[in-house]
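Asker: Below is a structure I'd like to ask you about.
The values are calculated or read from the model by the stated rules, or taken from the named source; none is laboratory data. Only a predicted model underlies this, so the values are computations on that prediction, with no experimental measurement involved. Here the Cβ positions follow ideal geometry from the backbone for every residue, glycine too, while neighbour counts run over all protein chains shown.
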Amino acid sequence: MNTAVIQNSDSLVSSIQIDVVNTSNSTQVKVNGSPTMPSTDFLMMPSGLGFKQSLDVVTGETIDYVVKQTIDKREIKLTVLWKGQNAYAKYQEFSKWVARYFDLDKYHIRFSYSINGTRRFVEVAVTLLDLKGRTGSMVSAELTLRPLTPFYEETMVSFIVSDTNSGSVYPYIYPYVYGGGAYSGNNQIVNNYLESLPLRIVLKGPMASPYVSIQKIDEDGAVETEPYSRIQFADGVSIAANETITIDAFNKKIYLTSTNESTGSVTVTDLFNSVSKSYDAFLFAKPGSSKVSASLSDSKSECEIFFVRYVL
């Protein structure tokens with residue numbers, strides 16, 4: 001069977017996409033208004049989908065006891081093919097595209113596929129592009145991708161604003177999915193994954209004494225009194241109306257962004273050392289349901305919560 005027949009008969013392979021996201025805010029990178037993607041003619045069915053777990057087990061006479069359960073990240077391997085007399089030139093363009101987004105501090109290449117209408121994403125690093133040469137009209141290369149995240153299906157954004165805020169709180173469009181409630185008394189993060197989810201928190205001023213915390217919601221829907229994690233900034237740290245503080249557990253960064261209202265210029269200041277050492281530096285949502293609270297005493301202050309829904 002030729003590769004064209006394989007491609008057309010397998011809906012999973014035909015659904016595969018490779019694009020790029022910015023690590024700073026997880027938005028899709030676009031060039032001239034369109035998502036940037038490498039050019040291929042055919043892809044062969046990849047290996048490394050699904051999941052693998054590792055167990056640390058204490059063996060008993062009758063029952064074995066699991067001490068630790070870990071989901072392992074598996075390399076994704078696939079064959080990329082280009083056809084025609086200019087197939088080598090197409091391979092070279094593919095290679096240049098990979099190199100363009102090689103800086104993992106700025107970009108993550110993202111691999112995704114769709115099953116039954118649901119798209120699954122994983123952020124990866126390219127660890128191997130092995131040119132195999134030409135066979136007939138086709139030039140092929142072996143591509144190996146090292147996952148940097150678990151697979152996820154949705155990008156979630158929740159907003160918490162003061163109960164007196166009357167403005168719009170949904171400025172993003174697809175692929176963002178809005179989760180939780182918009183107001184300070186009603187928001188919820190549901191984590192069905194095995195491990196805790198990293199959160200990216202953006203606090204929008206004005207805030208006199210910025211803080212953010214997360215509490216457990218039990219199975220009956222009751223919110224526990226004490227938060228299981230809290231971020232508190234040192235005395236003297238505040239956020240003006242034209243400023244935001246980003247607390248990014250994905251990239252382990254905390255920074256203040258200030259916008260000059262007259263010139264539009266933006267200044268970014270590192271605030272990692274301005275977090276109170278008596279509390280946490282970043283927030284992670286434990287498995288189950290949780291609620292985020294923030295310092296929203298001013299009617300114009302907001303808290304944006306970004307996370308993704310990890311899946312096996």
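Asker: Can you work out which of the residues in the stretch 192-203 that are at pLDDT 90 or above and not small (Gly, Ala, Ser) is farthest from residue 271 (Cα to Cα)?
Answerer: 197
Asker: Inspect all residues belonging to the stretch 6-29 and state whether any of them is touching a Phe, Trp or Tyr at 6+ places or on another chain (Cβ under 7 Å) and in a helix (DSSP H, G or I).
Answerer: Yes: the stretch 6-29 contains one or more residues that are touching a Phe, Trp or Tyr at 6+ places or on another chain (Cβ under 7 Å) and in a helix (DSSP H, G or I).
Asker: Say we look at the stretch 212-239 and pick out the residues that are part of a strand (DSSP E or B) and within 23 Å of the chain's Cα centre (by Cα); which of these is farthest from residue 302 (Cα to Cα)?
Answerer: 216
Asker: What are the residues in the stretch 58-82 that are over 30 Å from residue 13 (Cβ atoms) and exposed (fewer than 12 other Cβ atoms within 10 Å of the Cβ), if any?
Answerer: 58, 59, 60, 61, 62, 63, 64, 65, 66, 67, 68
Asker: Continuing with this model, one more query. Out of curiosity, is residue 286 loosely packed, with under 13 Cβ neighbours inside 10 Å, in contact (Cβ under 8 Å) with a residue 12 or more places away in the chain and either closer than 28 Å to residue 104 by Cβ or in contact with a Gly (Cβ under 9 Å, 6 or more places away or on another chain) (or both)?
Answerer: No, not satisfied.
Asker: Which one of 126, 157, 161 is of a type in the set (Val, Ile, Thr) and modelled with pLDDT of 95 or more?
Answerer: The conditions single out 126.
Asker: Looking at the stretch 89-120, which of its residues are surrounded by 12 or more Cβ atoms within 10 Å (Cβ to Cβ) and of a type in the set (Ser, Thr, Tyr)?
Answerer: 91, 95, 101, 107, 112, 113, 114
Asker: Examine the stretch 243-254 for a residue that is surrounded by 13 or more Cβ atoms within 10 Å (Cβ to Cβ), on the phi < 0 side of the Ramachandran plot and hydroxyl-bearing (Ser, Thr, Tyr), and state whether such a residue exists.
Answerer: Yes: one or more hits.
Asker: I'd like the full set of residues that are aromatic (Phe, Trp, Tyr), at pLDDT 95 or above and part of a strand (DSSP E or B), limited to the stretch 43-98.
Answerer: Result: 82, single match.
Asker: When residue 7 is evaluated against the numbered criteria (1) touching a strand residue (DSSP E or B) at 6+ places or on another chain (Cβ under 8 Å); (2) surrounded by fewer than 16 Cβ atoms within 10 Å (Cβ to Cβ); (3) modelled with pLDDT under 85, which criterion, by number, is the only one it fails?
Answerer: For residue 7, the failing item is (2).
Asker: Would you mention how many residues in the stretch 36-67 are polar (S, T, N, Q) and farther than 30 Å from residue 20 by Cα?
Answerer: Residues flagged as polar (S, T, N, Q) and farther than 30 Å from residue 20 by Cα within the stretch 36-67 amount to 2.
Asker: List the pairs whose first member sits in the stretch 204-215 and is in the same structural domain as residue 160 (by TED's automatic domain parsing), whose second member is surrounded by 19 or more Cβ atoms within 10 Å (Cβ to Cβ) and of a type in the set (Phe, Trp, Tyr), and whose Cβ atoms are under 6 Å apart, counting only residues at least 6 apart or on separate chains?
Answerer: Correct list of pairs: 210/233.
Asker: Counting only residues that are farther than 30 Å from residue 49 by Cβ and surrounded by fewer than 16 Cβ atoms within 10 Å (Cβ to Cβ), which one in the stretch 289-312 is modelled with the highest pLDDT?
Answerer: Once the filter is applied, the top-ranked residue is 300.
Asker: Can you pull out the residues in the stretch 128-153 that are over 21 Å from residue 39 (Cβ atoms), of a type in the set (Ser, Thr, Tyr) and either surrounded by fewer than 20 Cβ atoms within 10 Å (Cβ to Cβ) or in contact with a Gly (Cβ under 8 Å, 6 or more places away or on another chain) (or both)?
Answerer: 149
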